[in-house]
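Okay, structure first, notes after.
The values are calculated or read from the model by the stated rules, or taken from the named source; none is laboratory data. As the structure is a prediction and not an experimental result, all values here were calculated from the model. Using ideal geometry, Cβ is built from the backbone for each residue, glycine included, and neighbour counts are taken over all protein chains shown.
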Amino acid sequence: MNGFQSAVKYLKVARVLGLRAIGWYLVYQAGLRSGHYRRSTPSKRETRTLSLRPAWPLPPVELVKGVLGDAGCSDLLAEADEITEGRIRLFGGPSVNIDLAPPSPLHHWTDYEQRKASPGAEDVKLIWEPARFGFAYTLGRAYHITHDERYAEAFWTFFEAFDQANPPNLGPNWVSAQEVALRLLALAFASTVFSTSPHSTSARQVRLAQSVAEHASRIPHTLPYARAQQNNHHLSEALGLYMAGVVLLDHPLAARCRELGWRELNQALQSQIEPDGTYTQHSTNYHRLMLQAALLADTIRRSQQRAWPSLTLQRLQAASGWLYHHLDLLSGRVPNLGHNDGAYILPLASGGFSDFRPTIQACARAFGSPLLLPPGPWDELSLWLGLENAHPAEPATPYVSPPSPMPRLTHPGGKGWASLRAVHLKNRPSHADQLHVEIWFEGENLAMDAGTYRYNALPPWDNALACTAVHNTVTVDDIDQMTRAGKFLWVDLAQAKYTALSPQSICAEQDGYHRLGIRHRREIFSTEGGWMIHDDLLPSPSGTPHRHRFTLHWLLPDWPCEMPSQNALTLYGKSFLLTVQVTVTSPVQNPGEEPLLQLIRASESLVGPPSPAPIFGWVSPTYNLRQPALSLRLSLNAMAPVHFTTSFIIQNQPTASARRSG
């Protein structure tokens with residue numbers, strides 16, 4: 001890249017980030033490079049004798065048991081027992097050993113940030129996640145309904161192991177103030193739920209309070225970085241400060257933390273949530289993280305008899321509605337849009353990582369939305385947050401539901417739905433996924449988003465699933481809709497808009513290939529048997545005609561399948577058949593130029609040319625976990641206009657004797 005190209009790239013980055021964010025980032029870099037942060041965050045343990053006030057009142061035990069039911073209680077205790085044996089389900093995935101001791105020798109956190117020291121792992125998130133102490137919520141839930149002292153002792157054993165292996169500001173677990181803040185929240189919860197246990201000795205409680213103070217003192221110094229990110233870092237760190245300011249009794253930092261945290265939290269919520277409820281990171285998982293942070297802040301502010309500013313409450317109402325409109329009611333899941341780093345910062349309910357109903361239900365109660373779900377196990381989070389009968393403390397704000405940011409087409413039988421993604425991007429999108437289509441039926445995700453898998457790994461898995469090619473849309477010349485300017489940064493933002501909406505169809509356009517002289521228009525129809533999607537790749541009025549490679553991609557479940565005809569794939573679900581038919585035509589197609597059909601599973605070609613790109617045929621339901629899926633790709637080399645037609649046809653499952661082939 002020459003000097004001119006570099007200058008253009010940096011100008012584009014500045015345009016996307018904005019001068020305010022760049023200014024805060026420069027402040028942060030100055031603090032790093034000058035040694036200020038090293039001097040202001042020494043490795044020094046707190047020596048005051050401190051105590052912690054309860055984070056919030058605990059719910060009545062019988063109510064929690066009633067919501068969980070026998071099966072829910074059994075599942076909870078089984079998971080808690082697993083933790084006492086030293087194993088957790090990292091990111092909601094498979095069980096792994098709990099390891100709270102990072103590789104030695106430990107360096108000051110600034111050395112890792114300046115790459116003067118290595119964290120000792122290919123992906124530092126595998127070190128950070130156990131150290132968030134998310135398992136403390138599970139142990140606390142189990143202890144609350146049983147008073148089984150094994151759970152309290154397990155927490156204290158893990159806390160002391162962490163405390164010994166991670167002195168303040170030393171090691172990779174102190175690099176990110178967001179990680180520090182999330183750990184602080186879990187420790188504050190644990191101090192409350194285990195307070196009556198005989199294992200919570202005076203000495204242990206004092207040391208826990210001192211640790212919370214050490215965590216709180218780390219966060220304010222690097223707020224410039226959090227402000228520069230304009231994302232969940234800012235929210236998490238503000239919430240950590242607010243919590244510390246409330247639970248730390250008689251600490252000189254308490255009042256400052258409380259007021260600074262409250263101010264920063266409201267600024268972040270107001271600036272990061274759009275009026276229609278869209279969150280700045282364009283990610284369903286980070287959207288939940290944002291709402292869970294707001295829910296915890298809401299619980300704290302009620303204990304302080306503090307009112308939300310009206311603008312904050314309006315944005316939270318809209319954000320709650322946004323997530324509700326993305327919910328699959330049968331499964332409790334949502335489309336896996338945008339980055340998914342496995343974050344689940346408030347696991348105070350059954351259902352696990354993939355169930356978004358507890359958060360949606362609690363938000364409806366906390367922020368005054370009428371979008372309540374029927375009663376169910378997902379009410380447990382509301383109980384823990386004191387929301388079963390709660391109303392906002394401030395005067396009731398009339399709820400005005402914003403226009404749905406994701407229109408849906410419902411299957412005529414009411415068992416499924418489809419959506420077409422078209423958003424106006426203002427800030428740092430996660431994935432290049434304009435005009436991505438989601439299809440769900442009977443709680444099954446039929447047309448899927450591939451997810452994320454890993455941020456930090458050797459190519460091709462270094463955040464590779466953010467690209468356009470693995471989404472359910474059309475690529476041109478195998479180029480992303482936007483230009484990558486870093487692992488987490490896009491420039492030349494693709495913009496999309498809905499052009500027509502009706503109960504039977506949705507139409508939208510996106511301009512990500514305008515630089516190639518191509519305009520992409522997509523329309524999805526609800527039919528008696530399922531859904532039909534039309535893609536038109538049209539020449540831009542000012543463009544010069546060129547031949548391009550147009551590729552339609554669909555990511556489908558890894559079910560037994562067969563191809564009854566050249567352009568059709570039938571998948572055998574548990575209770576229904578799904579047939580996907582794809583065709584492509586072009587009036588200026590070269591004679592003899594045939595479309596190319598590929599079917600790929602887990603990087604291996606089942607139909608079409610061998611050796612496909614390794615990122616095809618995978619889905620990542622949570623961080624650090626990838627599972628086989630089916631990538632169906634149809635390509636054509638031609639000049640625009642090009643027209644693709646896809647049909648998703650749902651049929652009843654044939655008898656068990658029907659032929660099935662994999």
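Inside segment 331-349, residues that are closer than 16 Å to F91 by Cα and either touching an Asp or Glu at 6+ places or on another chain (Cβ under 6 Å) or assigned by TED's automatic domain parsing to the domain that holds M243 (or both) make up a count of 2.
A single entry from A349, A254 fulfils the requirement of being at pLDDT 95 or above, among the small types (G, A, S) and surrounded by 21 or more Cβ atoms within 10 Å (Cβ to Cβ): A349.
For every residue, the table says whether it meets (1) buried (at least 24 other Cβ atoms within 10 Å of the Cβ); (2) of a type in the set (S, T, Y); (3) in contact with a helix residue (DSSP H, G or I) (Cβ under 6 Å, 6 or more places away or on another chain); (4) not assigned by TED's automatic domain parsing to the domain that holds L50.
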{"residue": "F194", "(1), (2), (3), (4)": "yes, no, yes, no"}
{"residue": "H199", "(1), (2), (3), (4)": "no, no, yes, no"}
{"residue": "S202", "(1), (2), (3), (4)": "no, yes, no, no"}
{"residue": "S217", "(1), (2), (3), (4)": "no, yes, no, no"}
{"residue": "G240", "(1), (2), (3), (4)": "yes, no, yes, no"}
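Restricting to segment 442-480, give me the number of residues that are closer than 26 Å to H643 by Cα and not in a loop (DSSP other than H, G, I, E, B).
Of the residues in segment 442-480, the ones closer than 26 Å to H643 by Cα are 445-450, 465-480.
Of the ones still in play, those that are also not in a loop (DSSP other than H, G, I, E, B) are 445-447, 465-466, 468-470, 474-476, 479.
So the count comes out to 12.
Exactly one condition in (1) without any contact (Cβ under 8 Å) to a residue 60 or more places away in the chain; (2) surrounded by fewer than 16 Cβ atoms within 10 Å (Cβ to Cβ); (3) not hydroxyl-bearing (S, T, Y) is not met by D511; state its number. For D511, the exception is condition (2).
Of the residues making up segment 356-375, those that are under 17 Å from G332 (Cβ atoms), out of contact with any Cys (no Cβ under 9 Å at 6 or more places or on another chain) and surrounded by fewer than 20 Cβ atoms within 10 Å (Cβ to Cβ) are L372, L373, P374, P375. Return a yes/no flag: does segment 373-394 have any residue that is closer than 15 Å to L327 by Cβ, touching a Phe, Trp or Tyr at 6+ places or on another chain (Cβ under 6 Å) and modelled with pLDDT of 90 or more. For segment 373-394, residues closer than 15 Å to L327 by Cβ, touching a Phe, Trp or Tyr at 6+ places or on another chain (Cβ under 6 Å) and modelled with pLDDT of 90 or more: absent. Working carefully through the options A80, A142, A131, find the one that is under 24 Å from the mean Cα position of the chain (by Cα), among the small types (G, A, S), closer than 19 Å to L346 by Cα and modelled with pLDDT of 95 or more. Answer to the selection: A131.
Results for (1) part of a helix (DSSP H, G or I); (2) free of Cβ contacts under 8 Å to residues at least 12 places away in the same chain; (3) of a type outside the set (F, W, Y), shown as yes or no for each residue.
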position: T138; (1), (2), (3): yes, no, yes
position: Y143; (1), (2), (3): yes, no, no
position: Y151; (1), (2), (3): yes, no, no
position: T157; (1), (2), (3): yes, yes, yes
position: P168; (1), (2), (3): no, no, yes
position: A181; (1), (2), (3): yes, no, yes
position: F189; (1), (2), (3): yes, no, no
position: S195; (1), (2), (3): no, no, yes
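The set of residues in segment 297-325 that are of a type in the set (G, A, S) and part of a helix (DSSP H, G or I) comprises A297, S303, S310, A318, A319, S320, G321.
For L571, state whether it is at pLDDT 95 or above and in contact with a Cys (Cβ under 6 Å, 6 or more places away or on another chain).
Values: at pLDDT 95 or above: yes; in contact with a Cys (Cβ under 6 Å, 6 or more places away or on another chain): yes.
Spelling it out, L571 is indeed at pLDDT 95 or above and in contact with a Cys (Cβ under 6 Å, 6 or more places away or on another chain).
Could you list all residues from segment 560-611 that are aromatic (F, W, Y) and either more than 19 Å from L446 (Cα to Cα) or in contact with a Leu (Cβ under 9 Å, 6 or more places away or on another chain) (or both)? Within segment 560-611, just Y572 meets the criteria.
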